[in-house]
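To start, the structure itself, in structure tokens.
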Amino acid sequence: MDRMSFRHQQILEMARKDGKVSVEGLATAFDVTLQTIRRDLSELADQGRLERVHGGAVLPSGLHNIRYEDRRSLSSDAKTQIGLRCAARIPNGSSVFIGIGTTCEAVARALVHHEGLMVMTNNLNAVPILSTNETNTVLVTGGRLRHADAGLVGTQAASVAGSLKYDTAVIGCSALDASGDLYDYDLDEVAVSQAVINSSHVTTLVADSEKFNRQAPARIARMSEMSIFVTDPAARPKVSQWKLPSCEVLFAGLP
């Protein structure tokens, strides 16, 4: 493997870990010029491996999501903090829906010591986590298994998910636009999210700031339909532009 190919591989590993890379940071890390890094990023973008943004690059977005295992490693610390902040707002004895995604999975981990929960989920990754606490009742929607991320989607999942009334529904998204609209890649998953939005007293969106750097084709809802948005402090510049009195924004890791 030549030096350039090795550097490209290392750049991709850094992007998978952090969700993005910067030209200046890479130039320092590899002790090469800014021009060299810009050329590397352009070549990786031409191959469809990265997507160029101002000052660097992010993992590509579009019609397909990133592998679930890769998503677990993206902004992992932020997701843990988001999960803890979200779980802190859910009282014991609540009825809760938990959706698909690694940030929703982080919420499930943060709920393991809650008691008396009734949890409905279409996220099979959350089931073994939540079932460790015998005081909680865990229900699964059923539906079509999406092998890529162990999510349950489709007509049955949406129908069952929407058949109950929840104190809190926790959902994620794959992308956020500047106005706060929520997007995903799979219409079958979107249908489940929309069903629980209509069936919950409080709808909480959990999403890290990197979602602003991604694009997906299917709109789930507007931010104005959310009761709470839990994110990391890096999202503050984007969120500060919104005027959404009906949606409470919580920054994970901050009081």
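The values are calculated or read from the model by the stated rules, or taken from the named source; none is laboratory data. Only a predicted model underlies this, so the values are computations on that prediction, with no experimental measurement involved. Methodologically, a virtual Cβ is constructed for each residue, glycine included, from the backbone with ideal geometry; neighbour enumeration extends over all protein chains shown.
Scanning the range 199-215 finds one or more residues that are over 25 Å from Val53 (Cα atoms), crowded, with 20+ Cβ neighbours inside 10 Å, more than 16 Å from the chain's Cα centre (by Cα) and among the small types (Gly, Ala, Ser).
Consider the range 62-97 and keep the residues that are modelled with pLDDT under 95 and basic (Lys, Arg). The one that is nearest to Ser227 (Cα to Cα) is Lys79. All of (1) in contact with an Asp or Glu (Cβ under 9 Å, 6 or more places away or on another chain); (2) part of a helix (DSSP H, G or I) hold for Asp188 with one exception: (1).
The residue list Ala218, Ala175, Ala195 contains one member that is closer than 16 Å to Ile100 by Cβ and modelled with pLDDT of 95 or more, which is Ala195.
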